[in-house]
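The values are calculated or read from the model by the stated rules, or taken from the named source; none is laboratory data. Bear in mind that the values here come from a model prediction, so they are computed numbers and not experimental data. Cβ placement follows ideal geometry from the backbone for every residue including glycine, while neighbour counts extend to all protein chains displayed.
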Amino acid sequence: IFKKVPEGYPVPGKDLTVETSEFDLDQKLDNGSIIVHGLFFSLDPYFRGRMRPAEVKSYSPAFTLGQPLTGHQVGEVVKSSDTDKFPVGSIVYGFLPFQQYSVVDKNYAASLRVIKDAKENGIPLSQYVGALGMPGQTAYFGLLRVGTPKKGETLFVSAASGAVGAMVGQLGKQLGLKVVGSVGSQDKLDYITKELNFDAGFNYKEQDTKEQLAKLLPEGIDIYFENVGGETLEAVLDNVNTKARIIACGMISQYNEKEPYGVKNLMKIVAKSVRFEGFLVGNYRDENEEFYEKVTPLVKEGKIHVKEDIVDFDQAPEAFLGLLQGKNFGKLVYFQALK
Ligand code: NDP
């Protein structure tokens, strides 16, 4: 439940809570309605921006005070008045309230994606909110459409072990790019260099970003997949090549700051003819089928490695705070067992 607009980092138990209320599973459903039991819920950094007063406008809707968060989830249809489209037992993916059960009316149900062979294809259901969900789509469309990569180019990605970053780096390797990532711990560094086969990486908490970029990418940066903003962006601008592309996906280092970091060398964008382009995953909604066709086999065959950090429903507020502090290792998901 979104209880209070946070000041700085959200406080579990105060700004976000987990609560219990009654739900009538025997209720009569309107024609076309279904009841979805939420199984896996995606906790995402952009939720911080949604924890704001309702009157403040932004690209994603503010959470409603006193109501559950809403976001991407995978659930199972447990009751249906439209058994042709949504047989009981079918697995759906969509944007729903973060509660154990949701009644979904006919109109809204049209926005849900039924994952046809979900129970047979061997892919864990949780991955449909991560590598095969919104974060995977963000990586895919951001890198391919905004980054316009060409074989042999260099790619730097920040927050490289996370849901988006790990996918970006692995897709980059498959496209024949030289890939370097930055992360916040030694474990994460080992993961991206040894398991994901990034060409190199560094721990930005212990090493200087500008120096590392110059050392690991002496040929300069052709593409930067921007997830963190702040000083990292400044260090990148000091190391970009002419006609580089900066894919402005997110700036997590700034989400809890009262005063944003002032990047001092923006003039490099002019001097190096850099294309600095922001994007939202929702811009590519109509192209999602392409994503599923291309990326599902890669995940299924293990050609894209997936790491998840799965927590229990009760721990969601603490886990969300942890996401904003780099405590998650892999895509953060929370799980509600089918009762
Ligand atoms: P991650 O799984 O990468 O988790 C967030 C990670 O960010 C943390 O684990 C931490 O890793 C890193 N981080 C946290 N605080 C800081 C900081 N102050 N400085 C540097 N790094 C920090 O999250 P996602 O993959 O889900 O999201 C990655 C980015 O993509 C975010 O900026 C998000 O807002 C953005 N996004 C944008 C979308 C769009 O449509 N444009 C859609 C989805 C996501 P570490 O330990 O390595 O520091």
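Looking at the structure I just gave you, is E120 free of Cβ contacts under 8 Å to residues at least 40 places away in the same chain, in the same structural domain as Y9 (by TED's automatic domain parsing) and closer than 30 Å to K173 by Cβ?
Yes, satisfied.
Between a first residue in the stretch 204-219 that is of a type outside the set (F, W, Y) and a second residue that is assigned to a helix (DSSP H, G or I) and crowded, with 20+ Cβ neighbours inside 10 Å, which pairs have beta carbons less than 7 Å apart while being 6 or more apart in sequence or on different chains?
These pairs meet every condition: T209/T232; T209/A235; K210/A235; L213/A235; L213/V236.
Can you pull out every residue in the stretch 183-195 that is within 13 Å of the ligand (Cβ to nearest atom) and either surrounded by fewer than 18 Cβ atoms within 10 Å (Cβ to Cβ) or not in a helix (DSSP H, G or I) (or both)?
V183, G184, S185, Q186, D187, D190
Does the stretch 104-117 include one or more residues that are surrounded by fewer than 17 Cβ atoms within 10 Å (Cβ to Cβ) and β-branched (V, I, T)?
yes
Among V56, V5, V36, V88, which is more than 16 Å from the ligand (Cβ to nearest atom), within 27 Å of the chain's Cα centre (by Cα) and within 30 Å of G122 (Cα to Cα)?
Going through V56, V5, V36, V88 in turn, the sole match is V36.
Could you tell me which residue of the stretch 243-296 is farthest from K210 (Cα to Cα), considering only residues that are among the small types (G, A, S) and within 16 Å of the ligand (Cβ to nearest atom)?
Going through the qualifying residues, I end up with G282.
Given the conditions (1) within 16 Å of M167 (Cβ to Cβ); (2) within 16 Å of the ligand (Cβ to nearest atom), which single one is not true for K300?
Failing condition for K300: (2).
When you check T138 against the structure, is it among the polar types (S, T, N, Q), within 13 Å of the ligand (Cβ to nearest atom) and more than 20 Å from the chain's Cα centre (by Cα), yes or no?
The answer is no for T138.
Could you check the stretch 93-125 and list, in sequence order, the residues that are at pLDDT below 95 and either basic (K, R) or at positive phi (or both)?
Listed by number, the residues that qualify are K116, K119, G122.
Taking the stretch 146-163 only, how many residues are away from the ligand (no atom under 12 Å from the Cβ) and over 14 Å from V180 (Cα atoms)?
5
Within the group L237, L298, which residue is hydrophobic (A, V, I, L, M, F, W, C) and surrounded by fewer than 20 Cβ atoms within 10 Å (Cβ to Cβ)?
After applying the criteria, what remains is L298.
Residue check: is A166 in contact (Cβ under 8 Å) with a residue 40 or more places away in the chain, near the ligand (Cβ under 9 Å from one of its atoms), assigned by TED's automatic domain parsing to the domain that holds G250 and in contact with a Lys or Arg (Cβ under 8 Å, 6 or more places away or on another chain)?
yes
Which of the numbered conditions does E234 fail, given that it passes all the others? Conditions: (1) outside any strand (DSSP E or B); (2) more than 13 Å from the ligand (Cβ to nearest atom); (3) in the same structural domain as V157 (by TED's automatic domain parsing); (4) without any contact (Cβ under 8 Å) to a residue 60 or more places away in the chain.
The one condition E234 does not meet is (2).
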